[in-house]
Each structure stands twice: as C-alpha cells, then as structure tokens.
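Colleague: Sharing a structure below in structure tokens format, with a few things to ask.
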Amino acid sequence: MLKNRLIHFITVAVVFLLSCTGAEKHSGFKVALLSPGPISDAGWNASAWEGLQRIKSELNAHVSQVETRVPAEFEASFREYGRMGYDLVFGHGFEFQDAAATVAQDFPETVFITTSGNTVRKNVAPMVFQLEQATYLAGALAALMSKTGRIGGVGGIKIPPVQSTFAAFEAGARAVRPDIKVSFVYIGNWENVGAARQAALALIDQGCDLLIHNADAAAAGVFQAAAERNIYVFGTNKDQNTIEPEHVLASCVSDIPGAFVTMAKIVRDKKFAAKIYRLGMRDGIVSLVINPRLADRIPASARERLVSLEQRILSGALNVPGLP
Amino acid sequence: MIDFRKALLRAAPALGRGALSFVVALALVALLTTWAGYDAGVLFHTLFAGAAGDGYRISESLLRSIPLVFTGLAVVVSFRAGLWNIGADGQFLAGAMAGTFVALHWNGMAQVLMLPAMFVAAWVAGAFWGWIAVWIRVRREVNEVITTIMLNLIAVQILAWLVHGPLQEQAGAYPQSDAVPAAARLPVLFAGLRLHAGAIIAVVAALLLWLLLFRFAIGLRLRAVGHNPRAARFARVALERYRILAMLLAGALAATGGIVEVSGVTGRLYENLSPGYGFTAIAVALIARLHPIGVLPAAVLFGALDTAARALERDLGVSPVFADIVQAQVILIIILLETPAIRTRLQRALAGVQARMPFRGGEHA
C-alpha cells in the first residue's frame with residue numbers, strides 16, 4: 001500500500017516538473033523594489049511599498065518587489081531584475097549602494113536608485129531627502145513661539161543625517177531670533193522610549209518649551225513628555241500631527257512614496273542623469289506640515305515670517321545650512 | 001585508506017530517504033499552494049528555475065549555503081559534545097568583526113599574508129566567544145543555552161557599536177565599515193559568477209571535522225562526552241577538556257563563516273550581517289543528523305530554498321510570508337520523515353521498491 005502511494009507521489013511530482021512552462025513575458029515600463037525589511041512595518045519599508053504601488057497605478061507600470069534579508073541577496077536580486085530587463089530598480093537604503101554599483105556595469109539599460117547614499121555611476125544614483133529644509137522652518141517657528149527663549153531636540157544616534165537636521169533647526173531658530181538658546185540630547189538608540197522621555201523631560205526642566213526629535217520609534221517618549229508638561233513638539237520624517245493632536249505643532253515630512261514616483265517619472269521620460277538626486281521642498285517631497293488643530297495658536301506675525309522663509313527656500317534665495 | 005565507494009554505499013539509504021522526503025514535501029507544498037489559489041505548476045517551475053535554473057542561480061544557491069555550512073558545522077561539533085550551543089550567530093559575528101578589523105587595520109598587507117591573518121584573527125575571536133560560554137559552564141555550571149544566547153546579543157551590540165564608532169567608514173555617513181582592500185577578498189571560482197573560494201573552504205572544513213570526529217581518538221572521546229558523559233568519565237575521559245575543545249572548535253568554525261561572508265560577499269561590515277544563520281544552523285545540523293558531511297547537502301537545501309523563495313516573490317508576486325511558509329513546510333516535513341518510526345517504515349517500503357528494480361544499484365546492506 002505505502003509503496004504504491006510513494007510511487008504515486010513521485011509520479012505526481014515528476015509530472016509537475018515536466019508540465020512546467022516558461023514564465024510569461026511582460027511589456028512596458030518595469031519597476032522593481034528591494035526592501036530591506038517587511039513591507040508591513042508601517043514605516044520605512046511600507047512607505048517604499050506605497051511608492052511602488054503608486055508607480056504601478058499612476059504610471060501604469062509593471063512592478064515587482066522582494067524582501068532582501070541578507071547582504072548576499074542585494075546583488076543577487078539586483079542582477080535578477082537586470083536580467084529580466086527591468087527599467088528601474090530601487091534599493092531602499094544606503095546599504096544597497098555597493099551591490100548597485102557592481103551590478104549596474106553589466107546592465108547599462110537598467111537604472112538603479114538607492115534611497116540615501118552617495119554612490120553615483122552612469123546608471124546608479126541615490127535619492128536623498130532635504131529634510132533640513134523643513135527642520136529649518138520648524139526651528140524658525142519654534143524660536144518665534146518660544147516664551148522662555150530656549151528650545152531643544154532629542155536625537156537617536158548621533159549620525160550625520162540626524163545632526164544635519166538639528167543643525168538646520170538651530171540655524172532656522174537663529175535666523176529669526178539670534179539670542180535663542182538651543183540644546184540637543186542624543187539617547188544613543190532608536191527604540192528606547194523611556195530614555196527619550198527622560199531626555200525630553202530634562203530639556204523641559206532646563207527651560208525648553210519647544211522640542212524637535214529625530215529619534216525614530218523612540219520619539220514616542222518625546223511626545224509623552226510634551227503631553228505631560230504641556231509644551232509643543234515637532235514630528236519628523238512623516239506626518240505625526242495626530243499622535244498627540246494637542247501638542248504636535250507641526251511635522252517635518254519627507255514624502256517617500258512621492259519621491260519614488262518622481263524618480264520613476266524621470267527614468268520613464270529618459271531624463272535620468274548620473275548625480276545625487278536631492279529632493280526637497282521645490283520637488284514637493286519635503287514640507288513642514290502644520291497641525292490643522294493647532295494652526296490658530298500660531299500668531300499671524302509668526303505665520304507671515306514662516307511663509308516668507310518658505311518662499312525664499314523655494315525660490316532658491318535661501319540655502320539651508322547643513323544640507324547633504 | 002578510506003574507502004570512499006564503501007562510504008558512499010553506506011550513505012545511499014540516507015540519501016535516498018532525504019530525496020524521498022524532499023519529493024513528499026514538494027507534493028504537500030503543491031496541495032497548499034493550490035489551496036491558496038496559485039497554479040502549482042507555475043509555482044514549481046519558479047521554485048526550481050529560481051534555485052537552479054542556470055549556472056548563475058546554482059552559484060547563488062550555493063553562495064547562500066556557505067554561511068550555513070560553517071555555522072551548521074559549529075552546531076554539529078558542540079551538539080556532539082553534548083553542549084547546546086545556540087550561539088553560532090554570535091561566534092559568526094565575532095569572526096566577521098575580528099577579521100574585518102585586521103583587514104582594515106593592516107590594509108597594506110599582501111594577499112598571501114592578509115587572508116591568513118584575517119582567518120587567524122577570526123578563529124581567535126570566535127573560539128574566544130565560544131570559550132566564554134563553556135568556561136562559565138565548566139566553572140559555574142551555568143547552562144550554555146542561556147550564556148550562548150546572551151553572548152549573541154552582546155556580539156550584535158558590539159557590532160553596532162563598531163560600525164557606528166571605531167570601524168565606521170571614513171566618510172562617516174552611514175553605519176558601515178569601509179570596504180576591505182582587494183587583497184582581503186576571497187577570489188571567485190568562476191568568472192562572472194559570485195561563488196567564491198569560501199565554498200571550497202566550507203567543503204574542506206566539513207571533511208576535516210568528519211575526519212576529526214570519526215577517524216581520530218580525540219573525536220571518539222569528544223562524541224563519548226556528549227553521548228554518555230558518565231561512561232566517558234568512567235573511561236577516564238576529562239569531560240571538561242573535551243567540552244572546552246568542542247566549543248573552541250565550534251566558535252572557530254562559525255567565525256570562519258563570518259569572515260568568509262565579509263571577505264567573499266559583502267566586503268564590509270554592517271549591522272544586519274547575519275539574519276540569524278546561527279539559528280537556521282541548528283535546523284541544518286539536525287537535518288544532517290549531526291553528521292559533518294550531511295551538513296553540506298542540508299545547507300545547500302536551505303540555500304536553494306532561500307533563492308527559490310526570492311524567485312517566488314519576484315516572479316509571481318507571492319508574499320514573502322507565503323514563501324517562508326513553503327520553506328518552513330519543506331523543512332518540517334523532512335524532519336518529520338526523519339523521525340524513527342516513519343523512517344523504519346519508509347526504509348522497508350524503499351527496500352521493496354529496490355528489490356523490484358532491474359538495476360540493483362541499491363544493494364548496500
């Protein structure tokens with residue numbers, strides 16, 4: 001009995017193998033995404049996935065995605081998409097640079113774009129977000145709103161991309177109020193909500209009455225502290241205005257899905273150039289989003305000041321310091 | 001002299017069973033996928049083409065299995081000595097860190113010196129990482145399951161500190177080390193493919209470990225310590241000494257995997273260097289039934305399943321979670337079919353099939 005069943009199993013398996021047909025060919029614009037983590041993370045990877053879906057619907061492109069969990073997979077997945085004739089492949093993170101540069105030589109018809117990074121080749125470019133433009137405006141707004149003349153920020157790990165957003169925040173504050181006191185604290189990680197809360201409370205105890213953060217998930221602690229002591233804070237990276245609706249005055253937002261669509265359009269229209277794509281307010285990718293519930297708490301004079309600074313950034317008259 | 005033909009014949013039933021369980025696993029996968037609404041034929045084509053469709057993909061599957069061979073061997077040697085080493089991951093990272101440090105610090109060295117120096121540094125670091133756990137076990141009777149898991153976490157944190165601090169790239173932009181010099185890279189085996197010399201090192205390591213465990217007295221005693229410590233002690237085997245030896249070996253083996261991954265694939269150090277090879281390695285070692293040579297096909301199976309899973313995502317848009325399920329299912333069924341009761345029945349059935357075949361290649365006994 002058992003052996004008959006075994007033979008049957010084997011036959012079925014062999015038939016499966018023999019009955020296999022070649023994969024069908026696709027036509028049109030083809031875009032792929034390598035995400036470093038699960039697209040269900042409601043954060044970094046989810047925003048890339050959203051961008052890919054928008055490319056699919058807005059540009060009517062064929063899209064594909066893989067989750068690359070191991071460094072060895074970066075190059076392998078880039079190469080597979082190159083072999084399949086994809087027009088554009090995104091690697092969502094700085095860690096994809098080396099693999100993109102290596103594979104790109106063999107697939108001159110495919111454009112490889114990494115989210116952040118600094119490696120540029122004939123068909124490789126990073127896109128970086130000029131979030132500093134938004135934190136500059138946030139700094140100006142903070143200085144205009146502060147009663148104590150002291151503002152501050154809580155950072156995750158002290159790395160250049162975080163430091164530059166804080167440098168711009170400080171520059172924005174000084175531009176409207178040269179005597180403003182600005183202090184920053186780094187908690188040394190991206191997760192410790194308790195440490196971020198303590199750091200924020202310490203800054204508030206020192207007299208800071210407006211805070212910014214760039215601490216990823218740990219920022220929840222900054223929002224808690226702001227609610228406890230009834231001060232205003234700024235969100236960063238995405239719209240966080242609803243997290244503490246009575247305390248988050250505004251958010252410095254990078255529209256990552258929008259950036260994916262922007263880059264895909266550039267590649268589709270054959271306008272790709274080998275350079276670092278710096279996406280900012282002029283591209284509509286970076287913005288300071290005021291919390292609509294708190295908008296009326298901002299004095300008209302401060303609002304005017306903000307609008308004029310924004311205009312100067314958009315026109316190119318004002319170069320925000322610390323930009324990548 | 002070792003009679004390889006005889007060894008092969010002896011291994012034939014094990015290989016036959018392995019192949020059979022694989023086929024059964026695939027048949028069940030077919031059921032699941034059809035139920036989930038996928039065309040099983042297309043799915044299988046993608047699975048096989050993705051893992052072994054051409055030279056490049058075979059090379060990739062083998063490439064993916066290399067770190068699993070080293071960590072798998074590390075698990076084999078420690079389990080054989082009766083030590084539940086859950087720390088191959090930490091030992092892997094220790095090797096990667098130490099080897100990369102050497103490569104970046106003495107970046108002017110010639111390749112003939114560079115690679116050996118990196119490997120020695122990796123061995124020392126990995127053996128040290130293994131030694132900490134076994135030392136605490138031998139001296140303080142602290143269960144090595146706990147210490148090795150803790151040491152994994154410590155290694156991960158040290159790696160994070162290194163790439164954000166002392167070993168961070170000169171440009172200072174991203175949490176990664178600078179690229180190691182060309183002299184520190186393992187050569188590729190075939191032009192145009194990524195499969196590198198680490199594959200050969202992996203095979204050699206498996207053979208050496210097999211020799212040590214099954215052809216030398218030292219290996220016999222090591223296995224005795226694991227198999228029956230009381231009897232071993234009665235036979236005047238110094239238990240502690242062999243436990244320490246096993247963990248030093250395990251650490252060095254896993255560490256070799258770490259430095260081979262940096263030297264052969266990534267060229268740099270960064271945080272997510274290991275997705276948990278040390279844990280997958282336990283499954284690899286168990287499927288190989290703690291046999292060093294068995295680790296090779298077991299690791300290749302896992303490597304191939306990984307490349308196949310990516311192909312499912314890429315070509316069919318299958319969710320990575322579903323790809324994981326397919327992968328886990330294959331592993332689970334293979335383990336299930338290896339349980340003694342089922343194995344005996346299978347063996348009897350197989351013997352029946354073989355008896356009816358005109359070509360009696362299965363005569364082994």
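We did not get these values from a lab; they are worked out from the coordinates using the rules stated. Because the structure is a prediction, the values reported are computed rather than measured. Note: ideal-geometry Cβ built from the backbone for every residue, glycine included; neighbour counts use all protein chains shown.
Colleague: Okay, helix-only estimate at 222 nm for chain A: each DSSP H run of n ≥ 4 adds -39500 (n - 2.57), divide by all residues, round to 500 deg cm²/dmol; what do you get?
Modeller: -14000 deg cm²/dmol
Colleague: Once both labels are modelled 7 Å past Cα along the beta-carbon direction, what's the A:LYS265-A:ASP205 spacing in nm?
Modeller: 5.0 nm
Colleague: Then there is this: Show log10 I(q)/I(0) for chain A at q = 0.13 Å⁻¹, two decimals, from a solvent-free Debye sum over equal Cα scatterers.
Modeller: With no solvent term, the Cα-only Debye profile gives -0.95.
Colleague: I need the per residue convex hull volume for the range A:81-191, using only the alpha carbons, in cubic angstrom as a whole number. All intermediate terms of the calculation are to be shown ahead of the outcome.
Modeller: Details: hull volume 13.3 nm³, N = 111.
Taking only Cα atoms, the range A:81-191 has a hull volume of 120 Å³ per residue.
Colleague: About its Cα centre, how strong a charge dipole does the protein assembly as shown have in debye, to the nearest 20, once Lys and Arg get +1 and Asp and Glu get -1 at the Cβ?
Modeller: So the magnitude is around 2260 debye.
Colleague: Select from A:ASN214, A:ASN230, A:ASN189 the residue whose mean-square fluctuation is largest in a Gaussian network model of chain A (Cα-Cα springs shorter than 10 Å).
Modeller: Maximum fluctuation in the GNM of chain A, among the listed residues, is at A:ASN230.
Colleague: Using only the Cα atoms, work out Rg/Rh for chain B, with Rh taken as the Kirkwood radius, to two decimals.
Modeller: So for chain B, dividing Rg by the Kirkwood Rh gives 0.99.
Colleague: Using only the Cα atoms, what convex hull volume per residue in Å³ does the range B:1-117 have? Before the final figure, lay out each step's value.
Modeller: On the way: hull volume 27.5 nm³, N = 117.
In the range B:1-117, the Cα convex hull volume per residue is 235 Å³.
Colleague: Which whole-number percent gives the relative contact order of the range B:65-317, counting Cα pairs below 8 Å spaced six or more residues apart?
Modeller: For the range B:65-317, the relative contact order is 40 percent.
Colleague: What Kirkwood hydrodynamic radius, in Å, does the protein assembly as shown give when the mean of 1/r is taken over all pairs of distinct Cα atoms and then inverted?
Modeller: Details: mean 1/r = 0.0359 Å⁻¹.
Mean inverse Cα-Cα distance, inverted, gives 27.9 Å.
Colleague: Could you go through the range B:60-68 in sequence order and give the Karplus-derived ³J(HN,Hα) for each residue, using 6.51 cos²θ - 1.76 cosθ + 1.60 with θ = phi - 60°, rounded to whole Hz, and x for Gly and Pro?
Modeller: Working through the residues one at a time gives 5, 4, 5, 4, 5, 8, 4, x, 6 Hz.
Colleague: Suppose a student asked you for the relative contact order of chain A, using Cα pairs under 8 Å spaced at least 6 residues apart; what percent would you report?
Modeller: Across chain A, relative contact order equals 17 percent.
Colleague: For A:VAL154, what residues show an amide H to amide H distance below 5 Å, using hydrogens built from the backbone and excluding near sequence neighbours?
Modeller: Result for A:VAL154 returns A:VAL185, A:ILE212, A:HIS213, A:ASN214.
Colleague: Sticking with the crude label model, points 7 Å out along Cα→Cβ, report the distance from B:ARG289 to B:LEU207 in nm, one decimal please.
Modeller: In this crude label model, B:ARG289 to B:LEU207 measures out at 2.3 nm.
Colleague: Using modelled amide H (1.01 Å from N, peptide plane; none on Pro or chain starts), what sits under 5 Å from the amide H of A:GLN65, excluding residues fewer than 5 places away?
Modeller: A:LEU33
Colleague: How much FRET efficiency would the formula 1/(1 + (r/R0)^6) give for B:HIS227 and B:LEU193, where r is the Cβ-Cβ distance and R0 is 41 Å, rounded to 0.05?
Modeller: Efficiency for this residue pair is about 0.50.
Colleague: Still on this structure, please answer the following. Karplus couplings for the range B:81-94 from phi (6.51 cos²θ - 1.76 cosθ + 1.60, θ = phi - 60°), rounded to Hz, Gly and Pro as x?
Modeller: Calculated HN-Hα couplings, in order: 8, x, 10, 8, 7, 8, x, 4, 5, x, 5, 4, 5, 4 Hz.
Colleague: Using only Cα atoms, tell me the angle between helix A:160-176 and the longest principal axis of chain A; keep it within 0 to 90° and round to the nearest 10.
Modeller: 30 degrees
Colleague: What distance in nm separates the simple spin-label points at A:ARG174 and A:ASN230, each placed 7 Å from Cα in the Cβ direction?
Modeller: About 3.4 nm separates the two model spin labels.
Colleague: Roughly what % of Cα-Cα distances in the range B:235-275 sit above 12 Å, to the whole percent?
Modeller: 66 percent
Colleague: Non-local amide H neighbours of B:GLN176 (under 5 Å, H modeled in plane, Pro and chain starts lacking H): which ones?
Modeller: Distant-sequence amide H within range of B:GLN176: B:GLU169.
Colleague: Shielding by partners for B:306-315, please: the mean number of other protein chain Cβ atoms within 10 Å of each residue's Cβ.
Modeller: That works out to 5 on average.
Colleague: Take chain A, connect every pair of alpha-carbon atoms lying under 10 Å apart with a spring to form a Gaussian network, then pick out the residue of A:PRO36, A:PRO161, A:PRO71 with the largest mean-square fluctuation.
Modeller: Judging by the Gaussian network model, the answer is A:PRO71.
Colleague: Taking every alpha carbon pair in the range B:81-196, what does the distance histogram look like in 5 angstrom bins from 0, in percent?
Modeller: Distribution as computed: 2, 12, 17, 17, 17, 14, 10, 6, 3, 1, 0 percent.
Colleague: Set Lys and Arg Cβ to +1 and Asp and Glu Cβ to -1, take the dipole of the range B:65-317 about its Cα centre, and tell me which of B:LEU189, B:THR148, B:GLN168 lies farthest positive.
Modeller: B:THR148
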